[in-house]
Each structure stands twice: as C-alpha cells, then as structure tokens.
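*Asks:* My questions all concern the structure below.
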Amino acid sequence: MSSTTVESTPSRRGADAQRSGNGSSSGPGPSFLRVLNSEFIKFRTLLSTLILLGSTVVVMVGFGALSAWGTGQFSEAAARDPEVGARLAAQGGDIAVSVPTSGIAFAQLILGSLGVLLMSSEFTTGMARSTFAAVPKRIPAFAAKLVVVVVTSFVVTAASTLAAGFVSVPILDNYGLGLDLGSPQSVKLLLVNSIYVAAVAAIGMALGTLIRNSAGGIMSLVGLFFVAPIAFQLIPGDFFVEARKYLPGNTVDPLTAVEHLPDTLEAWQAALVLGAWVVIPVLLAAVLLKRRDV
C-alpha cells in the first residue's frame, strides 16, 4: 500500500484576507480608501451634520442678500451726501465684489464647530473605542476625517458663496451696481475664502482631538477667531499690535486684498501663517491621538 503525501498550501481566501487587511500592504486594519468611505458615510448620515451644513448655506445666502441691500443703500446715500461719497471713494475698488462673501465670519464658526464635533463626539459618545478597534493605527481614521471635513467645508463654502452671488446680483442691479461673478477678483474671493474656511474646519478638528470635549473645543475656536482679535486690539502695547497680525482670523484680508493693506502681512506671509496654524495643531493632534488612551 502506497501512502500519498499531500502538501498543505494556504487557501486563496486566507491569503486574500491577509492582503485585504490594509489594502495592498500588510498590517492590521482596513485600507485607507475603506476608512475614508466609512467616515464619509458616518458624516453624511448624521442629522447634526446636515443641519450645520444647511445653516451655513442659509447664513451665507442671507447675509449676501442683506449686504447687497446695505451696499445699495450706502451707494444711494453717497450720491446725495458729499461726506458719505468721500467715505465711499476712500474705500476704493468695487464695493459690490465682496458682497457674496459677507457671511464668511459666520460660516467659519459653523464649519469650524463642525470640525470640532467630528472628532470630539467620538470621545464623548464612546464611539472612539469602536473606531480605533476597527482602525488600530488610528492615523488613517484621523486623516480620513480630516479629508472629509476639509473637502466638505471647501465645497459648501464655495457653493454658498456662489449662491449668495446669484441672489445679490438682482438686488444690486436695482441700485445701479454691477456684480460680475466671473471677474478675477470675484473668483479670487470665492477660492481664498473657501480655502480659509476649510482651514478653520481643520483647526477645529485638531482642537476637538486635543481637548476631546465638544464645548471646550468650540469655546477654544471662538476664543481664537473672535475673542483674541478683539482682546489684542484693546490691550495697549506694540507687542499686541504686531501679534494681532499673526492670528489666523486676520490672514484672509491680506490674501484677498487687491493691493497691500497697511499694517498687515504680505500675501505670501499671510499664507504661510495660515498654513502654520493648520499644520502645527493637526500634527500635534495626530501625535497625541496615537499616544493617548481612548
């Protein structure tokens, strides 16, 4: 009787399971694309997310219409009053071009808070345990959330600005003011402000990761973008006058100005400062997320 030896070979299913753990590379956890898809599903299925995104659109369009009406009233007053006309001439440029972006200050607060909630809610609800059990490396989940909130904030801000422009055009026409949404300055304002709000959302997410508390993260965001500029303006001293230029909320005006504004940073300096305000907190949040317990 002859004995037959059968070589044991790993099954294809087992090999595929090992390979599919992290895309084409070995290691625990799903691939980044799967994590990104998962985070996008979580993001778009939350009612709070949809409310905040809808609020951003409503605020941007509403303030655009209100600003268009106010700008029209101001132009009519300038035609009747020489003093008001002199103030209008002192502003220079096209006063109607910034109407669609008049609600950016509120959009940055809403979408920045959304960035905070996107990460802080993971810890307050205990969902972080499930998230990081599924993605043990943690950084892919953090990066996926960051991509989702940054891209969404940019798209929503750009679309809201464009919608505000379409609403503002007929209102401005009633006052004899023209608004060309396709002009280079209008396009510049749309892109720069959309990038700026996306950067604020990234900072908000970093704060939510560092503080791990929704209220604390949102208050820190408000303090950084709304309270600090006012405080630095009220406190006397050359140091605070100079330091105020480097606050993230004061970088958007130099980036969108037609000409360099006095007592502000150059455009390239403002871009570097805003980039630093994004990169440093995000990197710090990623490092601490990797090291701290959940």
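*Asks:* List the lysines whose Cα sits under 20 Å from the Cα of residue 290, skipping any in the same chain fewer than 8 residues away.
*Replies:* Within the straight-line limit of under 20 Å, residue 290 reaches these lysines: 137, 145.
*Asks:* Next question, about the same structure. Please tell me the relative contact order of segment 30-291 in percent, rounded to the nearest whole number, where contacts are Cα pairs under 8 Å and at least six residues apart. Walk me through the numbers before you get to the answer.
*Replies:* Details: 343 pairs, mean separation 63.7, N = 262.
Reported as a whole number, the value is 24 percent.
*Asks:* Counting C-alpha atoms alone, how compact is segment 30-291: give Rg to one decimal and Dmax as a whole number, in angstrom.
*Replies:* 20.2, 69
*Asks:* Can you list which of the trypsin sites (Lys or Arg not before Pro) found in segment 233-294 are DSSP loop residues with at most 13 other C-beta atoms within 10 Å?
*Replies:* On the way: sites: 244, 245, 290, 291, 292; in loops: 292.
Filter output for segment 233-294: 292.
*Asks:* Report the full-extension gain for the segment residue 215 to residue 239: residue separation times 0.36 nm, less the Cα-Cα distance, to one decimal in nm. Write down the numbers at each step before the final one.
*Replies:* Numbers: separation 24, 0.36 × 24 = 8.64 nm, distance 3.04 nm.
Extending this stretch completely gives an extra 5.6 nm.
*Asks:* Taking Cα pairs under 8 Å and at least six residues apart, what relative contact order does segment 102-217 come out at, in percent? If you can, show how the numbers build up before the last one.
*Replies:* Details: 117 pairs, mean separation 63.1, N = 116.
Averaging sequence separation for qualifying contacts and normalising by length gives 54 percent for segment 102-217.
Values quoted throughout were computed directly from the atomic coordinates according to the rules given, and no laboratory measurement underlies them. On a predicted model such as this, the values are computed, not experimentally measured, just so you know. For neighbour counting, all protein chains shown are included, and Cβ atoms are generated from backbone atoms with ideal geometry for every residue, glycine included.
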